[in-house]
Amino acid sequence: MKTINRRKFVKDSLATVAITAPFIMQPSSLFAAETSANVALDFSQVKLPYAYSALEPSIDAMTMEIHYTKHHAAYIKNVNEAIAADKITFATEKEFFANTSKLSTKARNNGGGAWNHNFFWQVMKPGAGTPTGKVADAIAGSFGSFDKFKEQFTQAAMTRFGSGWAWLVKEGSALKIGSTPNQDNPMMDVSDFKGTPLLALDVWEHAYYLKYQNKRNDYVANWWNIVNWDEVAKKI
Ligand code: MN
């Protein structure tokens, strides 16, 4: 097998793995012999696990398509450019975010944008129900009830001024709700709000403006109909 084909095969294989397990680190050793040594980490865009129209009427198809093919694709392209230009050598996404304070603004913003959206696509699906089993138990244990959890999460999403994200995270055995500005996330050392992400909601206007205009509250209310609780259960 020629080098170029083997390299393409490795890349394609990793892309396939990323569809089902987007947070698996791409092992730099696979590329070490064939790429310049300073490209240690390579963000890739997960395949959308449903059609652009699948989340309607909560999120319209045009918003999904623009969000995925323009906004998210740009974050991926730009973070990989920054990794190369800045000669970033962190081998894993975890390490990258744990050292955000040492990154350029371009690497920080686009790295967050790359990861956060890969996460966001996975925690949605058509036709959500309500959490059951260990997710329901953990939510009741930390917030009292599912309704109280929804109220607190909605509050976090509504009070994030400007662009950012609302999060449900795990810290130890407790669950916490908070938000981050811009494309920051709770894995970043610079974040005031930290933890292991379980659920995220993009509250940038690009995520809802075509359908909802200024009515972020309607977007958030309808988003509860498309939360993928099975995916949350895998992370808890
Ligand atoms: Mn977004």
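Please treat every number below as a calculation from the coordinates, not as lab data. Fair warning: this is a prediction, and the values are worked out from it, not measured in the lab. Quick reminder, even Gly has a Cβ in these numbers, built from the backbone with ideal geometry, and neighbours come from all protein chains shown.
Structure values in brief
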| quantity | calculated |
| --- | --- |
| Candidate aspartates and glutamates - alpha carbon under 14 Å from residue 106, same-chain residues fewer than 8 apart omitted | 81, 86, 184 |
| Mean separation of Cα contacts under 8 Å (6+ apart) over length of region 91-213, as relative contact order % | 27 |
| Span per principal axis, largest first, for the Cα atoms of region 97-236 (Å) | 41, 38, 24 |
| Spatial separation of Cα centroids for region 102-156 and region 63-78, in angstrom | 20 |
| Neighbourhood net charge (10 Å Cβ-Cβ; Lys/Arg +1, Asp/Glu -1) for residue 52 | -3 |
| Evaluated over region 42-128, the Cα radius of gyration and Dmax, each in Å | 14.3, 43 |
| Under 15 Å, Cβ to Cβ, from residue 195 - net charge with Lys/Arg +1 and Asp/Glu -1 | +1 |
| Under 5 Å, built H, 5+ apart or other chain: amide partners of residue 42 | 26 |
| Karplus 3J(HN,Hα) series, Hz, for region 115-120 with 6.51 cos²θ - 1.76 cosθ + 1.60 (x for Gly, Pro) | 6, 4, 6, 4, 5, 4 |
